[in-house]
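Peer 1: Got a structure here, written out as structure tokens. Questions coming.
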Amino acid sequence: MHISPVLWQFLVKWLDASALFPQEASTIAPYTDALYFFLLLITIVGLVLVGALIFGFAIRYRKERNPVATQVEGSTLLEATWTIIPLALFLICFVWGALLYFRIFNPPTNAMNIYVVGKQWMWKAEHPGGQHEINNLHVPTGRPVQLTMISQDVFHSYSIPAFRVKREVIPGRYSTVWFEATKPGTYHIFCTQYCGTKHSGMIGEVTVMSPDDYKAWTESSTSGMSLAQNGERLFASMGCNACHSGGAAARGPNLAGVYGSKLRLANGSDVVVNEAYLRDAILNPSQHVTAGFAPIMPTYQGQISEEGLIDLVEYLKSLKTNYRVQQTLTTSESNQAAPMTPGVVKP
Ligand code: HEC
Ligand SMILES: [Cu+2]
């Protein structure tokens, strides 16, 4: 029989294990796969068992041998067996899955953070040092990496099959995922949430490098300004320092050390300040007024892009000790027309 070369190539590719089972390139991948293969195994055992019984019974109790059906009363032993064994299997899957879930969703505390902004139809990554990339993500091996992600428009989902990670990327809210890459190489990034016409083109590549290569990459692709430095400029140009100067007479609270602290709100509740809270405090100040302050902070909704908000959040996170806002920037700005304000939404 003659098989056309195209069909042959297709068969070879389809039968190729790497097409069916993507590479395991993260620390979590072998664990996810172990559970997956366990599920596959018990499914196959179930399939064979039920299939064999149907086949055997069909032959044994065929009409010629058993023309009249006989009533069989229940068997407690049999019923207990077919209840307890599947229950045990399902419980094993549940506990195993839950343990893995916690492992996947709790990043190690020493994880390095990279921001990802999704939009129709591209992925933008922002490294703490200010490196930006589109539809690409450079990460080192042997170091946990946390992605803090947000969408600028509709729902997306960030998926790296070789790392066995996938997480929804949602407008208006940070979501996180983490992984530790194990093998240098390039791996696919997919958007796995249908997000409009060019959804299938919302793809990219993770470039995993050795720690030395990664260091060289960050040095060669720096823009000279870290996210926190961009945020500092934005903080001055948006006039935040008018109220958050850190001085005793300031109308707004001193923001040094606010990240990671517990804030008492005017309504009596306490919140722990994380990235999401900082972002929301800028966009919806009236939603959670800090105790002891008047609700005078204006909303910045629609005035700062997601990238700008990331810069501001990183700047506020960097304010560990007391700070003095760059006085030079403010004064030079009031004298000049239209200063460069990175991250500000253009009207
Ligand atoms: C008109 C004065 C004013 C301006 C301008 C202002 N804020 Fe505020 N801000 C306040 C006050 C007052 C509070 C405390 C009451 C509240 O939570 O609304 C506050 C609270 C906050 C908080 C919550 C944390 C805390 O300690 O209460 C953050 C974060 C924050 N501001 C950031 C900013 C940023 C970033 C800007 C500029 C984009 C800015 N603010 C501009 C007055 C201001
Ligand atoms: Cu998408």
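The values are calculated or read from the model by the stated rules, or taken from the named source; none is laboratory data. Not measured: the values here are computed from a predicted model. Neighbour counts run over all protein chains shown; Cβ positions are idealised from the backbone, glycine included. Just so you know, the surface numbers come from the protein's heavy atoms only, side chains and all, with ligands and any DNA or RNA stripped out. Shrake-Rupley method; radii C 1.70, N 1.55, O 1.52, S 1.80 Å.
Peer 1: I want to confirm something. Restricting to the stretch 200-225 and keeping residues that are over 18 Å from the mean Cα position of the chain (by Cα) and either of a type in the set (Asp, Glu) or under 26 Å from ILE170 (Cβ atoms) (or both), which single residue is nearest to ligand 1 (Cβ to nearest atom)?
Peer 2: Among them, the one singled out is GLU219.
Peer 1: Another question, if that's okay. Can you pull out the residues in the stretch 284-304 that are of a type in the set (Phe, Trp, Tyr) and either more than 31 Å from the chain's Cα centre (by Cα) or surrounded by fewer than 16 Cβ atoms within 10 Å (Cβ to Cβ) (or both)? Show your work before the answer.
Peer 2: To start, the set of residues in the stretch 284-304 that are of a type in the set (Phe, Trp, Tyr) comprises 293, 300.
Result: PHE293, single match.
Peer 1: Can you pull out the residues in the stretch 160-174 that are open to solvent by less than 10 Å² (accessible area, probe 1.4 Å) and either within 12 Å of ligand 2 (Cβ to nearest atom) or assigned to a loop (DSSP other than H, G, I, E, B) (or both)?
Peer 2: VAL169, the sole residue that qualifies.
Peer 1: Condition check: away from ligand 1 (no atom under 16 Å from the Cβ), in contact (Cβ under 8 Å) with a residue 24 or more places away in the chain and either open to solvent by less than 70 Å² (accessible area, probe 1.4 Å) or over 30 Å from VAL169 (Cα atoms) (or both). Does PRO107 satisfy that?
Peer 2: So PRO107 fits the description; yes.
Peer 1: Write out, first by first residue and then by second, each pair whose Cβ atoms fall under 9 Å of each other, whose residues are 6+ apart or on separate chains, and whose first residue, in the stretch 150-172, is over 24 Å from VAL313 (Cα atoms) while the second is outside any helix (DSSP H, G or I) and of a type in the set (Lys, Arg).
Peer 2: SER159/LYS166; SER159/ARG167; ILE160/LYS166; ALA162/LYS183
Peer 1: In addition: If you go through the stretch 175-200, how many residues are in a strand (DSSP E or B) and either open to solvent by less than 20 Å² (accessible area, probe 1.4 Å) or over 17 Å from ILE134 (Cβ atoms) (or both)?
Peer 2: Final tally of qualifying residues: 10.
Peer 1: Another one. Which of the residues that make up the stretch 211-224 are on the phi < 0 side of the Ramachandran plot and open to solvent by 50 Å² or more (accessible area, probe 1.4 Å)? Write out each step before concluding.
Peer 2: Start the filter on the stretch 211-224 by keeping residues that are on the phi < 0 side of the Ramachandran plot, which leaves 211-223.
Within the stretch 211-224, PRO211, ASP212, ASP213, LYS215, ALA216, GLU219, SER220, THR222, SER223 meet the criteria.
Residue-by-condition table, conditions (1) modelled with pLDDT under 55; (2) surrounded by 15 or more Cβ atoms within 10 Å (Cβ to Cβ); (3) of a type in the set (Ser, Thr, Tyr); (4) not in a loop (DSSP other than H, G, I, E, B):
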{"site": "ASP280", "(1), (2), (3), (4)": "no, yes, no, yes"}
{"site": "VAL313", "(1), (2), (3), (4)": "no, yes, no, yes"}
{"site": "THR330", "(1), (2), (3), (4)": "yes, yes, yes, yes"}
{"site": "SER334", "(1), (2), (3), (4)": "yes, no, yes, yes"}
{"site": "PRO339", "(1), (2), (3), (4)": "yes, no, no, no"}
{"site": "PRO342", "(1), (2), (3), (4)": "yes, yes, no, no"}
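Peer 1: Whether any residue in the stretch 171-189 is touching a helix residue (DSSP H, G or I) at 6+ places or on another chain (Cβ under 6 Å), away from ligand 1 (no atom under 16 Å from the Cβ) and within 26 Å of GLY308 (Cβ to Cβ) is what I want to check.
Peer 2: Within the stretch 171-189, not a single residue is touching a helix residue (DSSP H, G or I) at 6+ places or on another chain (Cβ under 6 Å), away from ligand 1 (no atom under 16 Å from the Cβ) and within 26 Å of GLY308 (Cβ to Cβ).
Peer 1: May I ask you to verify whether VAL208 is β-branched (Val, Ile, Thr) and open to solvent by less than 20 Å² (accessible area, probe 1.4 Å)?
Peer 2: yes
Peer 1: Go through the stretch 180-239 and count every residue that is over 24 Å from THR109 (Cβ atoms), of a type in the set (Val, Ile, Thr) and touching a strand residue (DSSP E or B) at 6+ places or on another chain (Cβ under 6 Å).
Peer 2: 5
Peer 1: Among the numbered criteria (1) free of Cβ contacts under 8 Å to residues at least 40 places away in the same chain; (2) open to solvent by less than 20 Å² (accessible area, probe 1.4 Å); (3) away from ligand 2 (no atom under 16 Å from the Cβ), which one does LEU147 miss?
Peer 2: (3)
Peer 1: If I go through the stretch 235-266 residue by residue, how many of them are in a loop (DSSP other than H, G, I, E, B) and either in contact (Cβ under 8 Å) with a residue 12 or more places away in the chain or within 10 Å of ligand 1 (Cβ to nearest atom) (or both)?
Peer 2: Number of matching residues: 19.
Peer 1: Taking SER75 as meeting all but one of (1) under 50 Å from the mean Cα position of the chain (by Cα); (2) open to solvent by less than 60 Å² (accessible area, probe 1.4 Å), write down the number of the exception.
Peer 2: Failed condition: (1).
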